[in-house]
Amino acid sequence: MQKITIPRLGWSMEEGKFISWLKKPGDLVSVGEPLFELEGEKSLQEIESVEAGILYIPADAPLPGEIVPVGGLLGYLLEPGESPHSHSQSTPEPAARSFTGHDELAAAVVKANETSLGKSPTEIDRPENLAHLPVASPRARHLAKQFQVDWSSLQGTGRDGRIRESDVQEASGRGAAGRPSNNAKQGLGTISPRRKAIADRLRASRDLTIPVTLTTTIDATELVHLRQRLKHSNPRLVPAYTDIVACLIPWIYKSHPHMAVVWDTQHKGLIPVPHDQIHIGIAVDTPDGLLVPVVQQVGLKSLQTVTQESRKLIEQARTGRLPKTAMQGGVFTITNLGSYGIEAFTPIINLPEIAILGLGAIRREPVVMPDGQIMARDRITLSLSFDHAAVDGAPAASFLRDIAAAMADPAAYILNSVH
C-alpha cells in the first residue's frame, strides 16, 4: 500500500488546492500516468503517479477545491490482491483517516484485483467495463465542477474533440459572461495558493523597491503600420505590440547597460545581465490571476521566433499549463492594458527586475506636424516604473526616451533581423 500525498511544487510552497482526480477508485494506475490535478503557487498541474497500483480513495479524503498542506494524504495505491484493510492493524492511520464504511469502493477494488491477479501493476490494462472518458482540459473539468456539469457527456469543439471551457459554459447555459468570478471559484473567505503567491510578490515589490513611474506619449503610427504589414504578409502569425516592443529592448540595453541589471537573491546588490541573456517577461491576465511568462534570449531571436514563443507561453498561462520555470529569469517585463482602454497607469515592478514598461491604448488623434499641418496620427502613452534604489531618475528617463524613439521607427531595428 503506497500513500498518495500532496507534493511540493516549489521551494516556498506549503499547501496546494486539490482540483480533481484523473482516475476513478479501483482504476489501475501505472508509473508516470497523470493521477490528479493540483493548483500550486503558479499554475494548475497534472501530478503523475510515482508508483503503480490500484487507486483507493478513503471516504474522508480531501474533496475537489479543498486546500491541503504539502504531504497531506489524498489516497492510496494498492497492490493486486491487497485489501485496503490489510494494513489497518500493523500501520494504523489516525482516527480521521479510518477505512470503515467504504463497501462500494472496496467492491470496486476487489473487482479490479480479480481481473489483474498474477500480473504486475505496470502490465495491467484498465478493466474493460470502465469507459474511456473524452479528453478535456483541466480548466474545463474544473469549471464543470463549479457549474455542476457532467463534462464527460459533452461534445468538445477543440482539436480532436477536446472539451474546452467554452463547451462547459455553453452546456451550463451561462456562456462566457457567466463564468464565476475568482471569488466565486475560490470561496468568499478563501485565498487560493496562486492568489496568495501573487499577493506575496506584490507585497515584496512594495516593501523592497522605491518605485517611480515616468510617462510619455509618443507617435505610434509607424508601429501600427509595421504590424499591419506583418499581418498582411503572414495572417497566421501576427505579432502583438508586446512582441515588437520586446524585440526592441535588447537594442536599447546596449546604450543603457545600467538598466540591464537585476537584484541578487538577498536584494543587496545588482547583477549585470549580458546581451545573450536578455529574457523578457510578458504580463498575462488569466482566469486565476496575473502571470508573467518569460521569453528567453530575446536579443538572439527574430521577431517571428519571439512571436511564436510568446504565443505558446501565453496559451500555457491561460490554460494552466505554464511551468514554473517558464516564469523565471526575467530581466524586464512588458504589460499592456491598451485593450481595456487604459492610457497611462503605474505598473508594479516584478522583482528581482528593476523596471517594467506599461503600454496604453493606441488612439488616433489630430497632431500638429512640424510644417504646421494637422494630421491624424496614432498615439500611445508609455508608463515606465523603475526602482529608484537601483537607478536614478535621469538615466531611467533617458532609457524611456530611447524606447520611445525605437517605437517611433521599429522597422529600422527589428524587421527581418536578429540582434
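Can you tally the net charge around Gly289? Count Lys and Arg as +1, Asp and Glu as -1, for every other residue whose Cβ sits under 9 Å from the Cβ of Gly289. Don't jump to the answer; show the numbers that get you there.
Details: positive: Arg194, Arg195; negative: Asp285, Asp288.
So the surrounding residues net to 0.
For region 188-299, the extents of the C-alpha atoms along the principal axes are 48, 41, 28 Å, listed from largest to smallest.
Beyond a 19 Å Cα-Cα separation, which of these cross-linked pairs lie in this structure: Lys145/Lys324; Lys3/Lys23; Lys17/Lys145; Lys23/Lys145; Lys3/Lys145? Write down the numbers at each step before the final one.
Details: Lys145/Lys324 25 Å; Lys3/Lys23 15 Å; Lys17/Lys145 14 Å; Lys23/Lys145 16 Å; Lys3/Lys145 26 Å.
From Lys145/Lys324; Lys3/Lys23; Lys17/Lys145; Lys23/Lys145; Lys3/Lys145, over 19 Å: Lys145/Lys324; Lys3/Lys145.
Compute the signed sum of charges (Lys and Arg +1, Asp and Glu -1) over the other residues within less than 13 Å, Cβ to Cβ, of Pro69. Intermediate values should be presented prior to the final figure.
Working: positive: Arg8, Lys17; negative: Glu14, Glu15, Glu66.
In short, -1.
Sorting His142, His279, His232 from the fewest to the most surrounding beta carbons within 10 angstrom yields His232, His279, His142. Under 5 Å between amide hydrogens, built in the peptide plane, is the criterion, and for Ile278 it picks out Gln297, Val298, Gly299 among residues at least 5 positions away or on other chains. Among the chymotrypsin sites (Phe, Trp or Tyr not before Pro) within region 1-38, those in coil by DSSP and having at most 16 neighbouring Cβ atoms inside 10 Å are Trp11.
For region 166-173, putting each phi into the Karplus relation 6.51 cos²θ - 1.76 cosθ + 1.60 with θ = phi - 60° gives couplings of 4, 5, 5, 4, 5, 5, 7, x Hz, in residue order, rounded to whole numbers and with x for Gly and Pro. Please work out the Cα convex hull volume for region 253-401 and give it in Å³ per residue. In region 253-401, the Cα convex hull volume per residue is 144 Å³. Here the label points at Gln373 and Lys231, each 7 Å from Cα along the C-beta direction, are separated by 2.5 nm in the simple model. Around the amide H of Glu48, modelled in the peptide plane, lie the amide H atoms of Leu35, all under 5 Å away and 5 or more residues distant in sequence or on another chain.
Among Val294, Val68, which comes first, then next, by fewest other beta-carbon atoms within 10 Å? Intermediate results must be reported in sequence, preceding the final value.
Working: Val294 22, Val68 19.
The most exposed by this proxy come first: Val68, Val294.
Every number in this text was worked out from the coordinates using simple rules, so none of it is lab data. In this text the structure is predicted, and so the values were computed from the model without any measurement. Every residue, glycine among them, receives a Cβ derived from its backbone with ideal geometry; neighbour counts consider all protein chains shown.
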